[in-house]
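Colleague: Before I ask anything, let me first share the structure, which is written out below as structure tokens.
The values are calculated or read from the model by the stated rules, or taken from the named source; none is laboratory data. Everything numeric here is computed off the predicted structure, so don't read it as measured data. Every residue, glycine among them, receives a Cβ derived from its backbone with ideal geometry; neighbour counts consider all protein chains shown.
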């Protein structure tokens, strides 16, 4: 877990203005709050612009908090720290310590990993886009609509797993156990607001024995360092924009 902290000495700034100290202090405090909100938005903007297929995973782990007056914290939770800091190439050990991780009867660890195929194109890698196009074509051949919600005879949305089939493909190779296009399923789930979400999914199992088999190997990735970029942006925005606008009426 990493926190993005931006320390501003409000008292030191406001002490320069004895008679109007309280007013200046409040304006600076408001300015810091505005900067914190803008910095949070900047982190999310950077994730959308720079991470593409990893944008959702990163942004879902960004937390913005105001624990007490004058303190705002942008936190990146541990599941996305590998995107921020980068990772070496090799076996994806971290998947075996996630929420879906379990221990089999023989005492070995495994996890079921979901893959969503109907993400927006700008959130997919080139390989994922190729796979999506193949699955789209297969659904069409089966007479299944890609994104349209399906309804039952009574007019209500169908809920649960609606369709499941295997697609044989020689074009896309899998680094997982079994063909990458097997076990394609279409789900509809009811959301808390009453809406219905439609997902096209496959699920793969990672097992600790896969390491010796050369499966689930990550090619390695350079750290995105979005928190560092957001910090530099915040510092520049504070010094060149927000603080001068606050102080100009008191000089």
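Colleague: Please verify whether residue 140 is in the same structural domain as residue 202 (by TED's automatic domain parsing) and surrounded by 12 or more Cβ atoms within 10 Å (Cβ to Cβ), treating the condition exactly as stated. Spell out how you get there, then give the answer.
Modeller: Details: in the same structural domain as residue 202 (by TED's automatic domain parsing): yes; surrounded by 12 or more Cβ atoms within 10 Å (Cβ to Cβ): no.
So residue 140 does not fit the description; no.
Colleague: Can I ask one more? When you scan the stretch 63-73, do you find a residue that is part of a strand (DSSP E or B), assigned by TED's automatic domain parsing to the domain that holds residue 212 and at pLDDT below 90, even just one?
Modeller: Start the filter on the stretch 63-73 by keeping residues that are part of a strand (DSSP E or B), which leaves 63-68, 71-73.
Add one more test, that the residue is assigned by TED's automatic domain parsing to the domain that holds residue 212, and what stays is none.
No, the stretch 63-73 contains no residue that is part of a strand (DSSP E or B), assigned by TED's automatic domain parsing to the domain that holds residue 212 and at pLDDT below 90.
Colleague: Restricted to the stretch 61-75, and to residues that are touching a residue at least 24 places away in the same chain (Cβ under 8 Å) and in contact with a strand residue (DSSP E or B) (Cβ under 6 Å, 6 or more places away or on another chain), which residue is nearest to residue 244 (Cα to Cα)?
Modeller: Taking the stretch 61-75 first, the residues touching a residue at least 24 places away in the same chain (Cβ under 8 Å) are 64, 66, 69-70, 72-75.
Then drop every residue that is not in contact with a strand residue (DSSP E or B) (Cβ under 6 Å, 6 or more places away or on another chain), which leaves 64, 66, 72-75.
Values: 64: 26, 66: 24, 72: 21, 73: 23, 74: 24, 75: 28 Å.
Residue satisfying both the conditions and the ranking: 72.
Colleague: Next question, about the same structure. For the stretch 222-237, state whether one or more residues are outside any helix (DSSP H, G or I) and in contact with a strand residue (DSSP E or B) (Cβ under 7 Å, 6 or more places away or on another chain). Give the steps one after another, and end with the answer.
Modeller: Our first condition is that a residue be outside any helix (DSSP H, G or I); within the stretch 222-237, this holds for 222-225.
Next, only the ones that are in contact with a strand residue (DSSP E or B) (Cβ under 7 Å, 6 or more places away or on another chain) stay: 222-223.
Yes.
Colleague: Follow-up question, since we're still on this one. Take the conditions in contact with a strand residue (DSSP E or B) (Cβ under 7 Å, 6 or more places away or on another chain), modelled with pLDDT under 90 and not in a helix (DSSP H, G or I) and apply them to residue 163. Does it pass? Full working, then the answer.
Modeller: Working: in contact with a strand residue (DSSP E or B) (Cβ under 7 Å, 6 or more places away or on another chain): yes; modelled with pLDDT under 90: no; not in a helix (DSSP H, G or I): yes.
Spelling it out, it is not the case that residue 163 is in contact with a strand residue (DSSP E or B) (Cβ under 7 Å, 6 or more places away or on another chain), modelled with pLDDT under 90 and not in a helix (DSSP H, G or I).
Colleague: Has the stretch 176-196 got any residue that is closer than 25 Å to residue 83 by Cα, surrounded by fewer than 17 Cβ atoms within 10 Å (Cβ to Cβ) and modelled with pLDDT of 90 or more?
Modeller: No - not one qualifying residue is present in the stretch 176-196.
Colleague: Condition first: surrounded by 14 or more Cβ atoms within 10 Å (Cβ to Cβ) and either touching a residue at least 12 places away in the same chain (Cβ under 8 Å) or under 18 Å from the mean Cα position of the chain (by Cα) (or both). Now tell me which residues in the stretch 101-126 satisfy that.
Modeller: Of everything in the stretch 101-126, those that are surrounded by 14 or more Cβ atoms within 10 Å (Cβ to Cβ) and either touching a residue at least 12 places away in the same chain (Cβ under 8 Å) or under 18 Å from the mean Cα position of the chain (by Cα) (or both) turn out to be 109, 110, 111, 113, 115, 116, 117, 118, 119, 123, 124.
Colleague: Taking the stated definitions as given, is residue 236 modelled with pLDDT of 90 or more and either within 21 Å of the chain's Cα centre (by Cα) or within 30 Å of residue 139 (Cβ to Cβ) (or both)? Show your work before the answer.
Modeller: Working: modelled with pLDDT of 90 or more: yes; either within 21 Å of the chain's Cα centre (by Cα) or within 30 Å of residue 139 (Cβ to Cβ) (or both): no.
Judged against the criteria, residue 236 is not a match.
Colleague: For residue 171, indicate whether it is modelled with pLDDT under 90, more than 30 Å from residue 105 (Cα to Cα) and outside any helix (DSSP H, G or I).
Modeller: On the way: modelled with pLDDT under 90: yes; more than 30 Å from residue 105 (Cα to Cα): yes; outside any helix (DSSP H, G or I): yes.
Spelling it out, residue 171 is indeed modelled with pLDDT under 90, more than 30 Å from residue 105 (Cα to Cα) and outside any helix (DSSP H, G or I).
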